[in-house]
Structure formats: structure tokens, C-alpha cells
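Down below is the structure, laid out as C-alpha cells.
The values are calculated or read from the model by the stated rules, or taken from the named source; none is laboratory data. The model shown is predicted, which means the values in this text are computed figures rather than measured ones. So basically every Cβ, Gly included, is an ideal-geometry build from the backbone, and we count neighbours across all protein chains shown.
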Amino acid sequence: MRTWLGVIAPAWIALCMAMAGCNEGKVTREVSVGQLGNVAHGKQLIEAYGCGACHIIPGVHDARGKVGPPLLYFAERTMITGELPNTPPNLTRWIQHPRQVEPKTAMPELGVTQAEANDIAAYLYTLRGREGTSWID
């Protein structure tokens, strides 16, 4: 039994890390934000929709909410809502229709259009570690 676990467990861990996008303990999320949407407009939309009332969002003025999760390092996350892989299609779906993904979520349906969701997602995918983002309010 020990021999079997000694072979299967490391292989399982390696598979999980590969599926999650891990590379030497670091998560990499490569998204061409310019092709996804307009980053500057995404930031404006985040402010206009009041996302900062519930989330801490770097670079967004007064976005210091503590209802939803902080969106620090969002581009480096492997999952959205703990249920979806962090991909642009999943993120824009979540932004537009959070209750279709998670019916009991506190995140409201705000009437965000597809174009607006693309722009918001583009901004969120700029939120990386310190070397990749300037977080100026």
C-alpha cells in the first residue's frame, strides 16, 4: 500500500498543479488584456457600478469594501468563486450573471453588458504582483 501511495500521490499533486496553472509554486495567468477589453474603461466601470463597496480593488479610488473577497492579485488566481477556472469567458460570465454561476451569492446582477464585462475583466487581469502592476489611487 505504501509503495502505491508513494507513486500515485506525487503524480496526483503534479497533475493538480499543472491543471491549476502552477509553475514552481507560482500561478501564471497570461491574458492579453488589450484584446479582451479597454483597461481604463474597465476601471471607470468598476467605479461607476460601485464594486468597491464590496471589494478591495487596487487602483480603484475608495474600493475598500469587505463584503466580497479582495481582488488583489486577481490575475494570479486559478479559480473564480471557488468554482470556475479563472479564464476570460468564465470571468465575464460571472461579472454579468453571478447568480447563474452561484445562486446563493451576495453579488448582485447589475445589468453589465458583454462589452462592459470585457472591459472590467481586462482591468482585473492587470492586478498582478507588485512587479506587474502600479496601484495608484
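So here's what we get for this one:
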item: Close pairs from segment 71-86: first in contact (Cβ under 8 Å) with a residue 24 or more places away in the chain and assigned by TED's automatic domain parsing to the domain that holds A53, partner buried (at least 16 other Cβ atoms within 10 Å of the Cβ) and aromatic (F, W, Y), Cβ under 6 Å, at least 6 apart; result: A75/Y125
item: I46 being in the same structural domain as Y125 (by TED's automatic domain parsing), surrounded by fewer than 17 Cβ atoms within 10 Å (Cβ to Cβ) and at pLDDT 95 or above; result: no
item: Any hit, segment 119-129, residues being loosely packed, with under 13 Cβ neighbours inside 10 Å and at pLDDT below 95; result: yes
item: Considering residues of segment 55-68 that are surrounded by 15 or more Cβ atoms within 10 Å (Cβ to Cβ) and of a type outside the set (A, V, I, L, M) only, the residue farthest from A117 (Cα to Cα); result: G65
item: Filter result (in a helix (DSSP H, G or I) and within 18 Å of G52 (Cα to Cα)) within segment 62-95; result: F74, A75, L91, T92, W94, I95
item: Residue among T81, T92 that alone is modelled with pLDDT under 95 and surrounded by 12 or more Cβ atoms within 10 Å (Cβ to Cβ); result: T81
item: Filter result for T3 (at pLDDT 65 or above, among the hydroxyl-bearing types (S, T, Y) and either in contact with a Pro (Cβ under 8 Å, 6 or more places away or on another chain) or not assigned by TED's automatic domain parsing to the domain that holds T126 (or both)); result: no
item: For R99: the one exception among (1) out of contact with any Asp or Glu (no Cβ under 8 Å at 6 or more places or on another chain); (2) modelled with pLDDT of 95 or more; (3) outside any loop (DSSP other than H, G, I, E, B); result: (1)
